[in-house]
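Worksheet for the structure shown next.
The values are calculated or read from the model by the stated rules, or taken from the named source; none is laboratory data. Because the structure is a prediction, the values reported are computed rather than measured. Every residue, glycine as well, gets a Cβ built from its backbone with ideal geometry; the counts of neighbours run over all protein chains shown.
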Amino acid sequence: MADPTPTPAPAAGPKLTRLKEFKLATPVLALEVSVDGQTLFAACQDGSILHIRDGGEISPLERHDSYASGLALLPDQKTLISGGYDGQLIWHDLTTGKVIRRVKAHDFWSWDMAVSRDGTRVASVTGRYEVGGYKYEPAPEQEPSVKVFDTATGELQRSFPHVPPTQAVGFSPDGRYLAAGNLMGEVRVWDLTTGTQVSTWTNADLTSWGVIKSHHYLGGIFALTFSPDGQELYVCGMGPMVDPMAGNGVQRWQRFNWRTGERLDQTHEGESGQGLMETLEFHPQGALFAMGGRLFQGTWNLALFETKSGKNLFSVDAKHRITQLCFSADGTRLFLAKAKGQDKPKDGRWSEAGLVEIHEIS
């Protein structure tokens, strides 16, 4: 755990001060925080699920057979659900440290997962990119790309089709609607009460066709979230690229009227560099949202934006890829999950390629 280190910030607007840093053996792909902000949970590339206490004590929970890619802490603060590239969802009892249940959700990877605000439903998305035609468009899905489960029983409640791979999923604040986005920049929204699809649109600004070094689609929507009032949908990823293998597209978020698919705003010109944005979350008070990811070229890979205007209020080069960020319930802290490169084990051991950081917001 490192000593508190100031993070550079402009004279005006929000400021971040790093309070703590936890070094982990393997890249962190997902992060969850308890309501009191004293306990963290990390899903790691080696399949491990780690329970991190504020004092620095780290203990493992049941692991996945492949990368652990998603986490959801239920409102009771006693149950954690994790998802992984083994296609499983695992319910962890945080009181005993034992597994409550395992559900084989997918035959392929769980790319992303989300839990409804009331904690009654958990959604997971999947899909393999296999060439379906001479234009290298994705082949039809082999299983429903979007599934919704009852968190109390693990039973499947809903399953929906999408074009694979489906990489991002999120619930509306009231839990009635579910949105998911894919590699092709297509968003679909369903009404969970009726089980019907209520809207869909394709966003060509967040996907790319590889021409220079590889002929296939890259990028897509990596994260999405409804606005706090539930009226709009925010998505993020990377804009079209000259060389998709280089990752040199615009660091991009976009705001939509999800009922019509009308784009209302996006990253403002001159306020962004190039790179892949992987995580976007609203501050609990709703006036700000944060976005982070990988930097290719520019000055930042972590930024805070004003919700009303979309203006970039604060940005910083966080030095390493940010895979997920989240706020404390009171909004005073920002938590970052990081991956220091695409790490691989050597002789069965992982290097210290994972970081979890805690920042104070002022």
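Some notes on this structure:
- Candidates in region 49-100 are the residues that are of a type in the set (Gly, Ala, Ser) and crowded, with 20+ Cβ neighbours inside 10 Å; of these, the one that is farthest from residue 278 (Cα to Cα) is 87.
- Lone unmet requirement of (1) out of contact with any strand residue (DSSP E or B) (no Cβ under 8 Å at 6 or more places or on another chain); (2) at pLDDT below 95 for residue 118: (2)
- Every pair of residues 6+ apart whose Cβ atoms lie under 7 Å, when the first sits in region 163-184 and is of a type in the set (Lys, Arg) while the second is at pLDDT 95 or above: 176/191; 176/192; 176/193
- Region 119-162, subset buried (at least 21 other Cβ atoms within 10 Å of the Cβ) and of a type in the set (Val, Ile, Thr), residue nearest to residue 282 (Cα to Cα): 122
Quick grid of which residues meet (1) in contact with a Gly (Cβ under 9 Å, 6 or more places away or on another chain); (2) within 22 Å of residue 250 (Cα to Cα); (3) not basic (Lys, Arg):
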position	(1), (2), (3)
113	yes, no, yes
124	yes, no, yes
130	no, no, yes
134	no, no, yes
174	yes, no, yes
177	yes, no, yes
208	yes, yes, yes
221	yes, yes, yes
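- Across region 128-147, the number of residues qualifying as in contact with a strand residue (DSSP E or B) (Cβ under 7 Å, 6 or more places away or on another chain) and under 16 Å from residue 190 (Cβ atoms) comes to 4.
- Of everything listed in (1) at pLDDT below 95; (2) touching a His at 6+ places or on another chain (Cβ under 7 Å), the single unmet condition for residue 180 is (1).
- Inside region 307-317, residues that are without any contact (Cβ under 8 Å) to a residue 60 or more places away in the chain and surrounded by 15 or more Cβ atoms within 10 Å (Cβ to Cβ) make up a count of 3.
- Residue in region 271-283 that is in a loop (DSSP other than H, G, I, E, B), touching a Lys or Arg at 6+ places or on another chain (Cβ under 8 Å) and either closer than 20 Å to residue 323 by Cβ or not small (Gly, Ala, Ser) (or both) present: yes
- The residue that is nearest to the chain's Cα centre (by Cα), among those in region 28-44 that are assigned to a loop (DSSP other than H, G, I, E, B) and either hydrophobic (A, V, I, L, M, F, W, C) or modelled with pLDDT of 95 or more (or both), is 34.
- Residues in region 20-48 that are surrounded by fewer than 16 Cβ atoms within 10 Å (Cβ to Cβ) and closer than 27 Å to residue 118 by Cα: 35, 36, 38.
- Residue within region 209-218 that is more than 21 Å from the chain's Cα centre (by Cα), hydrophobic (A, V, I, L, M, F, W, C), modelled with pLDDT under 95 and surrounded by 14 or more Cβ atoms within 10 Å (Cβ to Cβ) present: yes
- Selection within region 224-246 - in contact with a Leu (Cβ under 6 Å, 6 or more places away or on another chain) and either modelled with pLDDT under 95 or over 16 Å from residue 177 (Cα atoms) (or both): 236, 237, 238, 244
- Scanning region 253-270 for residues that are at pLDDT 95 or above and either outside any strand (DSSP E or B) or among the charged types (D, E, K, R) (or both) yields 255, 258, 259, 260, 261, 262, 263, 265, 267, 268.
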